[in-house]
Each structure stands twice: as C-alpha cells, then as structure tokens.
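Okay, structure first, notes after.
Readers should treat all values here as calculations from the given coordinates under stated rules, not as data from a laboratory. Note that the structure is a prediction, hence the values are computed from the model and not measured. No Cβ is skipped: glycine too gets one built from the backbone with ideal geometry, and neighbour counts run over all protein chains shown.
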Amino acid sequence: MKRKIAIANVIGAVIFIILIALVLRRLASPPQGQNQLSWTLWKPALQWEAWKDFYLPGLLSTVEASVLAVIGSVVFGIVFGIGRLLNFAPIRWLSSIIVEFCRAVPVLLFMIFLWQAFAVLGFSNTSAFLAVTWGLILYNGSVVAELVRSGVGNLPRGQREAALALGMSPVRSLMTVEVPQALIAMLPALITQLVVVLKDTALGSIITYTELLQESRRLGSAYFNMLQALVVAAVIYFVLSYLLSRLAEGLPARMQKRTAGFAVEPVQAPIAILDPSNASMIERAGERELPLSGTEPDFHDHYHGSNAVSSHWRTSHQEHGHEPKRSDPQE
C-alpha cells in the first residue's frame, strides 16, 4: 500500500509540475497581449507607491470592517444563541427565526439590500461600509449563535445537573455555568470564523466598498497589470488568514484546561449544528436521552470529526490517545 501511495504521489507531483510549466509558458507568451511575467508589469504592483496608495489603504478598510464585524457577530451570536437555549418559548422561537433567516440568506444579498437601505436613509457616504459591516454581522452572527448553542450542547450533562442540585434556576445555570464554558470551548472555532469574515469583506467590492480587493483592481486598471495586482492581494489575504489559522491551532490545548466542553479546533470551516453536512455534531447534540437511569454514557454515539459509529471508532479512538484512562479498548 505504501508503495502504491508513493507512486501515486510521484505521478501527482509530475503532473502538477507539468501544469505549472504550461501555465507559466502561457503567461510568458499569451496569444494576445504582452508577457505577463515581464518585470515592467510586476514593478508597478510591487513598488512602494502601490502599497502606499492602494494596498495599505485597502488593507486598513478590510481590517476595519472585519474588526467591527467580528465584535458585532460575537454580540449577535451570544444574544441569539442564548435566546435559542431559553425555555421561554416566544424568545426561543423569535431567536430561531432570526438565526435561521440570517443563515439562509447569502451574505452578498444582505450587503446589496443594506447598501440600498442605508443610501435611502441618508447614509450615502458610508452606505457601502455600513452595508458590508452589518451584512457580515448578520450572517456570521448567526453562525456564532449556532456555535454557542452547540457549545452548550457539548458540555457534560453533569454540569447542568450539578448547578440545579445547588439550587440554581435553569436560567441561572445556563448563564453562569454552561454559557461561560461554552464560550471558552468555542473560542478556537470562533477564531477560525474570523478567517471567513476577513475573506468575505472582499464581497464589498461589488457594492463599491474600497477594501483591499477593490483597491487592487483600481491599481490593475491604472497600470494595466490586473493579474499582478490581484496576485499581490491574494498573497496578503493568504498571510492574514494563515496567521489567524495558526492562532486557532494553538488555542484548543490551552482552552481545554478551562472548560468541560470540547475545545477542539474544527478541521473545516465551522458550520452550523443543523447543517446537513455536520452529521457528527448533530448526533452529539441529539444525545438527550441518557440510558441506565441517567448515567453518562462512556462514549458518544458519534465523535466530533468523524461520522463513524461507536461500534467502530472506540478502539481507534483510544489508540489515538483520546481516552488515556482506558488502556484496554475491550473493557
């Protein structure tokens, strides 16, 4: 098997190198136009004037919208995430309708509608900025709300039972015991969501918001080097996203010490708990009925990050060190 994998890797690498060579050859001698690898096209995209007049102002606008959108998304997500967990039906239903609506509508549509709305309301000078920020808040806030809800659902049931046994009301248990731990547990996933927010600001270029992508396009139009300007913008997006991803990777180990929930970084972009592709989290949150007179199950029916059923993943789960206290999988 290893030999087959090695052969497949070699073949894939050769094909990849051939494709890169063909692309470079095409860029060097396109059927129409000039050599795209020429320094005369790359120089205007890399010189200091391009950074001073285009990239840095655009990057500042991107970061400004991202920071405000992240703060607003967290507030939105916590408020409506808690609203969906309350036992008071009207608040729970209203929160569910708002969250599901914001999740279902594409963020670009939010931006377009809000852009027109803010312009009508007299915010013509800042309508694009407000539309981008609020569009990102509504969409990503709904994702954060689901992260809060799934974070509370992933806590061991004993946390809530202990709080109720101490005389706390269900609401007080939720607000003082469960939600704080869920917020710590969801922090890695929340930082991963920041990457999505950062990249989604590029949609603002469609409604004339002068963020990094829009400024790069302006640079490309001015010097007729659109490809080179967009490549530089892509590298900037990549560096920012990579730094945020690295930050998220280091958090789970530290956060796990401060919460009873699963502070595990998701291996993919965070998705809502009821998303059809999020089968493992749906199953985990759905474990409401405890067998054996309320005794906590030793294993979940499904483990996060895997769709394998319990009868198949227990052994490998322990072999990978996730259950260090259980040395014998057959116990």
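Observations
- For peptides 177-187, 37-47, sequence by mean Cβ density within 10 Å, most packed first: 177-187, 37-47
- Separation in nanometres of the label points that stand 7 Å from Cα toward Cβ, at N35 and R3: 4.6
- Each label point was placed 7 Å from the Cα along the Cα-to-Cβ direction; for L22 and V171 their separation is 6.5 nm.
- According to the Cα-based calculation, Rg over Rh for segment 133-219 is 1.23, with Rh computed by the Kirkwood formula.
- What the Cα convex hull of segment 1-127 gives, in volume per residue, is 272 Å³.
- Once you divide the Cα radius of gyration of segment 39-188 by 2.2 N^0.38 Å, the number left is 1.41.
- Charge context of P57, other residues only, Cβ under 15 angstrom, K/R +1, D/E -1: -2
- Kirkwood-type hydrodynamic radius, segment 171-251: 15.0 Å, calculated from all non-identical alpha-carbon pairs.
- Percentage of interatomic Cα-Cα distances in segment 80-152 larger than 21 Å: 36
- Rg and Dmax of segment 1-60, both derived from C-alpha coordinates alone, stand at 19.0, 55 Å.
- Most tightly packed first, judged by the mean number of other beta-carbon atoms within 10 Å of their residues, the peptides 150-160, 48-58, 114-124, 209-219 read 209-219, 150-160, 48-58, 114-124.
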